[in-house]
Amino acid sequence: MYKLFGFFFLLCFISVQCLLVCRKNECDSVKCDCFKYDDCKNPNQDVRRGGWCGCCFICYTTLGEHERCPFQFFGGSPPTSGCAKGLICKDGICQKET
């Protein structure tokens, strides 16, 4: 019984992983929102590839120490903000790596 359950779980896990892979020419079918470079003016913001498979441009905000950072869900959309280099998001706050 446990072997059957384990096999079923493994099969489901592999199926989900296959759905999350960006295929060749994936961006051909993605429709991006209109992006304006003027909306990304703050000193802690820069333009990056984001969205599904990095097909669209986004304004990415780099967060400093003690700033609130978003929780990342497995399989969710890519983030539009994140902790600066040398910091990690722990308990929803950017903190120095220890």
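The values are calculated or read from the model by the stated rules, or taken from the named source; none is laboratory data. Every value quoted in this text rests on a predicted model; they were computed, and no experiment measured them. Quick reminder, even Gly has a Cβ in these numbers, built from the backbone with ideal geometry, and neighbours come from all protein chains shown.
On the basis of being surrounded by 15 or more Cβ atoms within 10 Å (Cβ to Cβ) and farther than 27 Å from V21 by Cβ, does E67 make the cut?
On the way: surrounded by 15 or more Cβ atoms within 10 Å (Cβ to Cβ): yes; farther than 27 Å from V21 by Cβ: yes.
Considered against the rule, which asks whether it is surrounded by 15 or more Cβ atoms within 10 Å (Cβ to Cβ) and farther than 27 Å from V21 by Cβ, E67 comes out as yes.
Do we find that C12 is assigned to a loop (DSSP other than H, G, I, E, B), at pLDDT below 90 and more than 17 Å from the chain's Cα centre (by Cα) in this structure? No. C34 fulfils the conditions (1) outside any loop (DSSP other than H, G, I, E, B); (2) exposed (fewer than 13 other Cβ atoms within 10 Å of the Cβ) except for a single criterion, (1). Counting the residues of region 71-93 that are loosely packed, with under 15 Cβ neighbours inside 10 Å and modelled with pLDDT under 90 gives 8.
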